[in-house]
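Read-outs: derived from the displayed coordinates by stated rules, not from any lab. None of these values were measured; they are calculated from a predicted model. Using ideal geometry, Cβ is built from the backbone for each residue, glycine included, and neighbour counts are taken over all protein chains shown.
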Amino acid sequence: MRTIATLSLTLALALGAPCAAHAAADAAGTDSPTPSQHAGHSGVGVIEAVDAKHGTVTITHEPIKSLGWPAMTMDFIVKDKKTLAKLAKGKKVNFTFVEQHGDFVITGASVVAP
């Protein structure tokens with residue numbers, strides 16, 4: 001009986017405790033962890049579309065090994081709207097991104113010279 005109670009308490013604490021990154025963000029008064037608090041990912045791809053109004057880009061990217069993703073086309077949110085100015089349809093880019101609340105957010109991008 002004591003084992004069941006201990007197991008139940010352990011499970012309840014594990015499921016109810018936020019990750020350290022979210023706890024740090026909450027303590028700092030922000031609504032999401034900073035990129036340095038989450039593991040980032042990097043990719044290489046070609047810009048298919050830029051939507052400055054919504055702050056997004058569509059990228060056809062090569063496989064993302066850190067996530068086990070195959071090559072695909074998908075939309076990303078761009079964290080720094082100034083980055084949108086250097087991104088244009090047809091440009092090849094190296095980019096870094098993080099996952100925040102189910103969205104994939106580009107934290108850095110550089111155009112690859114032809």
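Condition first: charged (D, E, K, R) and surrounded by fewer than 16 Cβ atoms within 10 Å (Cβ to Cβ). Now tell me which residues in segment 55-90 satisfy that.
Restricting attention to segment 55-90, the residues satisfying the condition of being charged (D, E, K, R) are 62, 65, 75, 79-82, 86, 89.
Hits for segment 55-90 are Glu62, Lys65, Asp75, Asp80, Lys81, Lys82, Lys86, Lys89.
Within segment 50-70, no residue that is in contact (Cβ under 8 Å) with a residue 40 or more places away in the chain and outside any helix (DSSP H, G or I) sits with its Cβ atom under 7 Å from a residue that is aliphatic (A, V, I, L, M) and surrounded by fewer than 12 Cβ atoms within 10 Å (Cβ to Cβ) at 6+ positions apart or across chains.
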